[in-house]
Amino acid sequence: DELALELGILRTQAAELVMEEVAAGKLVMLSEGSILSTSKLERLKSNIEYMINAYHEENPLSDGIPKQELLSKLMASYHIEDEKLLAALVNYLIEIKVISDQGKTIARAGFEVQHPEEHEAHKKELTEKYRAAGIEVIKNDEVYSLADKNTVAAMLVELAEEGIIRKMDSAYYISAEGWNQALNAVTSFGADFTLAE
């Protein structure tokens, strides 16, 4: 529609011109109707791949970059305000198997998390720490002393997804058993009770 207006031609004429250029490999039509030149698509594709690869390097235990984080980075890099356009671009790259949709995250196509041998041992140790703490909050120093911060943060996300611990806020977790214990204690009261109780 914008193209027809810009060129002063009918929408049907604009559509025909676009389809000719798409067939010639000069333009790409995204799912929500936006049009990109093939050369611009290649630049965007390269930058998206670079961003995702950089994320994999920094977060080797994560299955990918969170979708919203990727869109925000793209919006900031290209000063594009239309999030739908970027989402359509990401979806196009998923369709042509350049990147892969992991649910909440986006990864390089074919990427698999490689866990080092000590990973499961650390996860088990974290699980025991949280179970032993019960309803007490574990200090961050205790948790992050196991390995580097990014690795531990990724393990905490894994344990939360597995239902072993529950996220309380951006920094703290509690064991699932501790959460249920606290919940049972609170619901055992009537309608009104004091904080001290």
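The values are calculated or read from the model by the stated rules, or taken from the named source; none is laboratory data. It should be emphasised that the depicted structure is a prediction, and the values quoted were computed from it without experimental measurement. Cβ placement follows ideal geometry from the backbone for every residue including glycine, while neighbour counts extend to all protein chains displayed. These accessible areas exclude ligands, DNA and RNA; they are computed on the full protein's heavy atoms, side chains included. Shrake-Rupley method; radii C 1.70, N 1.55, O 1.52, S 1.80 Å.
Couple of notes before you dig in:
- Within segment 8-24, tally of residues that are open to solvent by 70 Å² or more (accessible area, probe 1.4 Å) and part of a helix (DSSP H, G or I): 8
- In the set (1) out of contact with any helix residue (DSSP H, G or I) (no Cβ under 7 Å at 6 or more places or on another chain); (2) in contact (Cβ under 8 Å) with a residue 12 or more places away in the chain, G33 fails one condition alone, (2).
- Residue match in segment 173-190 (condition: surrounded by 11 or more Cβ atoms within 10 Å (Cβ to Cβ), modelled with pLDDT of 85 or more and closer than 19 Å to S62 by Cα): yes
- Filter result for E6 (at pLDDT 90 or above and not hydroxyl-bearing (S, T, Y)): yes
- Of residues in segment 172-197 being more than 19 Å from A132 (Cα to Cα) and among the small types (G, A, S), the one nearest to the chain's Cα centre (by Cα): S188
- Criterion: of a type in the set (S, T, Y) and touching a strand residue (DSSP E or B) at 6+ places or on another chain (Cβ under 6 Å) - qualifying residue of Y173, Y92, Y78: Y173
- Those residues of segment 146-197 which are closer than 21 Å to E120 by Cβ and of a type in the set (F, W, Y), in sequence order: Y173
- Selection of first residues in segment 1-30 that are within 21 Å of L89 (Cβ to Cβ) and of second residues that are basic (K, R), restricted to Cβ pairs under 8 Å at least 6 apart or on distinct chains, gives the following pairs, ordered by first then second residue: D1/R11.
- Of all positions in segment 25-35, at least one carries a residue that is at positive phi and modelled with pLDDT of 90 or more.
- Scanning segment 133-151 for residues that are modelled with pLDDT of 85 or more, open to solvent by 60 Å² or more (accessible area, probe 1.4 Å) and hydrophobic (A, V, I, L, M, F, W, C) yields a count of 1.
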